[in-house]
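Trainee: Handing you a structure now.
Coordinate-derived values only; no laboratory data. Because the structure is a prediction, the values reported are computed rather than measured. When we count neighbours, we look across all protein chains shown, and the Cβ atoms used for this are built from the backbone with ideal geometry, even at glycine.
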Amino acid sequence: MPAAIHQFVAGFTNGDAISNEARVLRTIFRSWGLESDIFSETRRILPELRRTARDAQSYVATARPDDIVLLHLSIGSVVNEIFATLPTRKAILYHNITPAHYFTLINRQTATELERGRRQLQHLAGAATINLADSRFNADELRAAGYRDPQVLPLVLTLEDLTGDIDARVRRTYADGRVNILFVGRCAPNKRLEDLLDAFCSFQRAVDPHARLIHVGSFAGNEPYYYYLRTRARELRLHDVHFAGSVPQAQLNAYYASAAVFLCMSEHEGFCIPILEAMTHGVPVLAHAAGAVPETMDGAGVLFREKDYELVAEMLGRLATDKPLRAAVIAGQQQRLERYRARDLQAELRRHLAPLLDR
């Protein structure tokens with residue numbers, strides 16, 4: 001057995017899916033009796049978390065051949081370049097790199113980092129003994145990039161952490177009997193929030209004029225896109241459209257608890273954790289079948305392949321008010337969650353890493 005399994009991430013913060021999974025994996029690795037730390041660029045580590053994550057460059061001098069380093073690959077980063085030079089045993093877990101063209105007109109820096117990530121993705125083919133992806137969609141991208149035998153390991157989550165304290169103020173504000181349509185995810189162009197507004201426009205005009213649309217997610221770095229969305233909402237003469245921004249877990253729980261339907265119009269997803277969050281909170285999911293969304297749904301919820309806003313609006317209405325349909329969809333989602341919970345992902349992780357652990 002090695003003495004350590006460390007993780008490299010492009011950034012380390014709160015409320016971020018990869019950061020959250022890195023924390024869970026660190027706990028697992030330490031439970032195996034191994035030393036385990038998380039490394040990133042210091043400037044990419046949230047200041048208050050710098051006691052729980054370390055600078056990647058500082059690891060280079062102490063790296064041992066028997067160490068295992070797991071790289072979470074998701075964007076262009078200097079940590080990807082450092083990883084390639086390490087004399088350690090190596091594994092890659094691919095979370096997808098969003099196509100840069102979504103950000104070209106919104107945030108050129110992000111677009112550049114994504115372009116760099118795609119180049120690094122090609123360069124790292126063959127760098128690791130073990131290649132993992134958190135969806136078949138992502139594994140197919142690895143295979144196309146020349147990675148040998150990529151295996152699928154779904155995101156290792158503790159779903160129980162997605163529920164708990166509910167912010168009373170948010171709950172009082174939004175749990176008032178009106179229909180709340182919710183989407184949770186970064187305010188980013190690949191999420192197609194403008195399509196979310198168009199679908200809600202059809203819903204508010206033709207189905208429920210008193211409905212609300214709530215978006216929860218950070219717009220930091222994508223402010224031009226956020227302002228465009230606010231302008232678009234005014235052009236459509238929508239009312240009760242709420243952009244909550246990034247919120248703590250208790251407030252997020254309150255938004256889910258107040259939601260009638262979760263609507264996802266995204267065009268590019270490598271996994272889409274908020275779908276499982278919505279299912280965990282008992283909210284019916286209506287989602288565009290793009291990227292890894294169909295496999296994350298896994299036969300549950302309601303998928304659509306064409307963005308016919310009138311039909312989307314009609315289905316939103318049925319999911320919100322048709323009690324037998326709503327109950328059936330929620331029951332199917334609970335079965336999907338049970339399939340997830342029934343998997344021993346820790347054992348799967350250990351099996352995938354066995355060639356490195358047993359060497």
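Trainee: Return the calculated 222 nm mean residue ellipticity for the chain, to the nearest 500 deg cm²/dmol, obtained by summing -39500 (n - 2.57) across DSSP H runs with n ≥ 4 and dividing by the residue count.
Mentor: Numbers: 14 runs with 155 residues, N = 359.
Value at 222 nm, helices only: -13000 deg cm²/dmol.
Trainee: Please work out the Cα convex hull volume for region 166-206 and give it in Å³ per residue.
Mentor: Numbers: hull volume 3.3 nm³, N = 41.
Hull volume normalised by residue count: 79 Å³.
Trainee: Enumerate the calculated ³J(HN,Hα) couplings along region 321-329 in order (Karplus 6.51 cos²θ - 1.76 cosθ + 1.60, θ = phi - 60°), each rounded to whole Hz, writing x wherever the residue is Gly or Pro.
Mentor: Each residue of region 321-329 in turn: 10, 7, 4, x, 5, 4, 5, 5, 5 Hz.
Trainee: Gaussian network model of the chain, Cα springs within a sub-10 Å range: biggest mean-square fluctuation belongs to which of Arg230, Arg23, Arg343?
Mentor: Greatest mean-square fluctuation among the candidates belongs to Arg343.
Trainee: Next question, about the same structure. What residue among Arg54, Arg205, Arg169 shows peak mean-square fluctuation when the chain is described by a Gaussian network model with Cα springs under 10 Å?
Mentor: Between Arg54, Arg205, Arg169, it is Arg169 that shows the largest mean-square fluctuation.
Trainee: What are the trypsin sites (Lys or Arg not before Pro) within region 232-295 that DSSP puts in a loop, where the Cβ has at most 15 other Cβ atoms within 10 Å? Could the numbers behind the result be given before it?
Mentor: Details: sites: Arg232, Arg234, Arg237; in loops: Arg237.
Within region 232-295, the qualifying trypsin sites (Lys or Arg not before Pro) (loop, at most 15 other Cβ atoms within 10 Å) are Arg237.
Trainee: Further, regarding this structure: Could you tell me which of Ala61, Ala257, Ala144 has its Cα farthest along the dipole of the chain towards the positive end, charges placed at Cβ (Lys, Arg +1; Asp, Glu -1), taken about the Cα centre?
Mentor: Going by the Cα projections, it comes out as Ala61.
Trainee: Let me ask you something else. Which ³J(HN,Hα) values in Hz, rounded to whole numbers, follow from the phi angles of region 259-264 under the Karplus curve 6.51 cos²θ - 1.76 cosθ + 1.60, where θ = phi - 60° and Gly and Pro get x?
Mentor: Using θ = phi - 60°, the values come out as 7, 8, 8, 9, 10, 10 Hz.
Trainee: Any chance you could give the angle, 0 to 90 degrees and rounded to 10, that helix 17-31 forms with the longest Cα principal axis of the chain?
Mentor: Once rounded, one gets 50 degrees.
Trainee: A further question on this structure: Give me Lys191, Lys307, Lys90, Lys323 sorted ascending by neighbouring Cβ count inside 10 Å, so fewest comes first.
Mentor: Values: Lys191 26, Lys307 15, Lys90 21, Lys323 7.
Lowest count first: Lys323, Lys307, Lys90, Lys191.
Trainee: Let me have the relative contact order for region 163-341, percent, based on Cα pairs under 8 Å that are six or more residues apart. Intermediate results must be reported in sequence, preceding the final value.
Mentor: Values: 305 pairs, mean separation 45.4, N = 179.
25 percent.
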